[in-house]
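Below is one structure, written out as structure tokens; comments come after it.
The values are calculated or read from the model by the stated rules, or taken from the named source; none is laboratory data. Just so you know, these numbers come straight off a predicted model, no measurement behind them. The accessibility values were calculated without ligands, DNA or RNA, using every heavy atom of the protein model including side chains. Shrake-Rupley method; radii C 1.70, N 1.55, O 1.52, S 1.80 Å.
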Amino acid sequence: MNAKRHPSAVATHPLWLSVLTTLWLVTLPNWPLWRQLMALPEVQGARGLLFALGMGVAIWAITLMLTLMLGWSRLLKPVLSLLVVSAASGAYFMLSYGIVIDASMITNVIQTDPREAADLFNWRMVLTLLVLAALPLWLIWRTPLRALGWRRTLMTQLSAVIVSALVAVLCLMAIFQDFASIMRNHTQIRYLINPLNSLYAVASVVAQPFRRDEKTFLPIGQDAVQQLPPNAQAPLIVLVVGETARMGNFGINGYERQTTPKLAQEKVVSLRGVTSCGTSTAASLPCMFSHLGREDFDGRKHNYENLLDVLQRAGLAVLWIDNQAGCKGLCDRVYSASTTQLKVSPWCDEGECHDEIMLDKLADRLTQLPAQQRAKGVVLVMHQMGSHGPAYYKRTPKAFKKFTPECTSNALQECERQQVINAFDNTIVYTDHFLSQTISWLKQQKQPSVMMYVSDHGESLGENNIYLHGLPYRIAPEEQKRVPWITWMSDSYQRQQNLPLDCMRSKVTQPFTHDAYFHSVLGLANVKTTLYQGELDLYASCRRP
């Protein structure tokens with residue numbers, strides 16, 4: 001009679017499952033890394049192959065080491081599964097859109113609402129996840145693991161961690177000269193190492209509350225007061241926050257296509273040399289409204305109140321209307337409203353509310369603000385859906401699809417690049433219409449008024465096979481950082497402020513940054529505070545005594 005086989009005889013040692021899974025992670029899920037690495041002139045010939053081999057082994061050893069440190073006993077399979085799904089997802093987005101994974105990208109993921117997430121979902125994503133994740137996940141959970149006592153588990157994993165660390169160190173030492181040179185000259189490579197890029201980015205986001213208090217906002221501008229010129233009327237200031245608009249795709253900025261025919265008929269000044277504070281809404285929007293400026297904002301140890309708090313403290317009425325995924329905390333202490341869930345025809349008839357919905361019943365919204373504050377002036381912020389991708393075609397009503405054929409997929413790689421550009425340019429055509437409608441509404445108001453339109457960041461449309469936005473600032477292309485800044489002022493506002501808008505035309509090609517936003521708005525609202533820096537106010541030099 002044959003003896004019954006003990007289950008442990010066919011079970012796999014946990015270390016082997018970790019070794020095999022991490023070997024898989026280094027190969028196909030890291031194709032974006034290997035593709036870009038092998039295209040570098042430094043990684044050619046036999047030396048290049050040895051460098052790639054050494055780097056691959058080092059990545060595998062580090063991934064295995066982290067897996068063993070995190071995946072103890074029953075946690076091993078969940079940890080391996082998380083790494084596989086993370087690597088597969090990262091590979092899809094890096095391959096499809098040319099993005100990289102860093103802390104700001106993880107922040108974008110956390111802050112993405114269901115509508116934005118749906119725009120990213122498509123059959124290519126499903127297929128990629130099936131190929132890169134489904135089979136490994138099935139094998140991970142199908143494989144029985146040998147039961148080890150805690151002492152043996154401890155000794156095995158501790159030994160494996162030490163050996164993995166030594167292998168990684170030896171490999172990096174062997175290729176150090178080339179490794180240091182490539183990482184210094186091609187910094188984007190470090191953000192492609194999958195899934196270590198995601199692990200590091202998540203750790204950075206998780207550690208952020210330990211670096212600064214995220215719940216407490218220190219007050220600023222406590223000395224803020226409004227000082228209008230003698231006999232002046234309270235101003236109406238409209239700040240339109242654009243979304244994903246590229247400066248170079250505006251007809252009034254010299255684009256080969258006339259994407260802004262209506263603004264071309266208005267007395268506006270459009271600046272062409274403005275650089276954004278970040279390359280994503282999560283990074284750029286809070287920075288725009290901060291008094292710190294980009295460099296100090298990124299390295300801040302505390303959170304502070306923002307421009308809207310200062311304006312409100314000076315006595316003005318402030319209202320934020322959002323047709324996007326939220327104000328990123330900027331409007332938490334002022335009056336605000338969201339239009340994304342409204343069902344108002346005709347602006348919300350095509351599955352989402354287009355930006356014109358923010359103008360609907362606008363006068364009624366403003367009259368609901370405190371009368372005492374309105375008497376000093378109103379600052380209205382309208383946050384657009386604008387040119388948010390990748391489903392650009394959803395951002396424009398049918399009447400504004402001027403350029404065809406347009407890409408009607410959220411998988412941009414399915415479309416010819418010109419179709420993607422057509423879809424994006426149509427969003428600028430609609431933004432042109434929306435801004436023109438805003439100006440028309442302001443012309444009907446009795447008080448001196450001004451509209452300032454500035455986009456939060458730009459967008460890549462296939463240049464060097466890069467799409468969307470969100471690349472780390474130091475390696476991001478200019479298309480993701482160059483943004484439009486358009487100003488319109490009523491005649492009564494120009495007279496009251498002694499600020500002829502034509503004076504601004506001399507600044508059209510001068511270089512500016514989002515650092516000027518905070519101070520320029522304070523100047524437009526005649527708010528005085530020690531925070532105000534006149535040299536950063538774009539309009540200050542045009543004011544006549």
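Laid out as a table, the results:
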| quantity | calculated |
| --- | --- |
| Pairs of lysines in segment 335-417 (C-alpha under 18 Å apart; 8 or more residues apart or interchain) | 4 |
| Computed log₁₀ I(q)/I(0) - Debye formula, equal Cα scatterers, no solvent, segment 269-339, q 0.11, 0.13, 0.25 Å⁻¹ | -0.31, -0.44, -1.20 |
| Within the accessible area of segment 480-545 (1.4 Å probe), percent carbon and sulfur | 50 |
| Shape category assigned to segment 263-411 from the gyration tensor of Cα positions, a/c cut at 1.5 | oblate |
| Spatial extent of segment 146-208: Rg and Dmax, with the Cα atoms as the point set, Å | 16.4, 48 |
| Cα Rg over Rh - segment 7-136, Kirkwood | 1.02 |
| Cα coordinate range in segment 465-515, projected on the principal axes (Å, largest first) | 48, 19, 18 |
| Partner lysines for Lys481 [C-alpha distance under 23 Å; skip if fewer than 8 residues away on the same chain] | Lys328, Lys507 |
| Cα shape, segment 384-428, gyration tensor, a/c 1.5 rule | oblate |
| Percent of beta bridges antiparallel (DSSP, the chain, rounded to nearest 5) | 35 |
| Projected area averaged over orientations for segment 72-211, convex hull of C-alpha atoms, nm² | 11.6 |
| The chain: proportion of alpha-carbon pairs further apart than 39 angstrom, % | 36 |
| Stokes-Einstein D in µm²/s, Kirkwood radius over Cα pairs - segment 157-266 at 10 °C with 1.306 mPa s viscosity | 73 |
| Computed over segment 318-440: relative contact order in percent, which uses C-alpha pairs under 8 Å that are six or more apart | 23 |
| Accessible area (Å², per residue) of the chain, counting only protein heavy atoms and a probe of 1.4 Å | 46 |
| Whether segment 336-417 is rounded, prolate or oblate, judged on the alpha carbon gyration tensor where a/c under 1.5 counts as rounded | prolate |
| Rule-of-thumb Rg ratio for segment 37-86 [Cα; 2.2 N^0.38 Å; N residues] | 1.56 |
